[in-house]
Amino acid sequence: MNWNSIELQIAILTSTVSIIIAFLSLGGSILGYIINRNQWKKEILLKEIELRNILNNQLTQIRSQYSEKLLLKRMELYPELIKITQEIGYEIGDFKDKFELRSFHEEAYLNLKEWQTKHGGTLYLSLESTKCFYKLLSVLNTKNLDKNLTFDEEKIKTIKDKKNLFRRSLHNDLNILQKNHDNLNKTLSEN
């Protein structure tokens, strides 16, 4: 009987040691998982940062290319607008009569509308230039004249002012776009 009791104690001791080893093994596995998980998190975070940097660089390149193409397109199209608007707003005394003045402004209006149709509306104009474009069209539209076709000094001044605002906005578009393009290129060269 003693023998059984020793065997029983050995069995209990072996079971207890096995249970302790199993818990230590489980604890080691959990600790390993936590350490690996933290390492994975760090690696994922580093990959996210790397991908974000790559994406930002690509976006900067795309912006730069877009800015350059838009600038080139505006440099191609804007001179035509400058030419069309060159003589708008002449003094009343520069015309033989009100019909010649009306005809002159109708022609300018039609030339601007033709430019708009030919070049996809105001796609290449900035928001500010688009607003100024439509304001200029509005004051040039001879349908807005009274039945006597009168162009008084105030009307001519309004036309001149709208023309000058529009032309200034075109120049600003080119300057702002050039500065943005230069800044984007500087950013790209730093990366």
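For the range 87-106, indicate whether the set of residues that are within 19 Å of the chain's Cα centre (by Cα), assigned to a helix (DSSP H, G or I) and basic (Lys, Arg) is non-empty.
no
Kindly indicate whether any position in the range 44-61 is touching a residue at least 24 places away in the same chain (Cβ under 8 Å) and of a type in the set (D, E, K, R).
No, there is no match, as no residue in the range 44-61 is touching a residue at least 24 places away in the same chain (Cβ under 8 Å) and of a type in the set (D, E, K, R).
Tell me whether the range 43-64 contains one or more residues that are over 30 Å from His171 (Cα atoms), more than 29 Å from the chain's Cα centre (by Cα) and in a helix (DSSP H, G or I).
yes
None of the figures in this text is laboratory data; all of them are computed from the coordinates on show. Because the structure is a prediction, the values reported are computed rather than measured. Please note: Cβ atoms are built from the backbone with ideal geometry, for glycine as well, and neighbour counts cover all protein chains shown.
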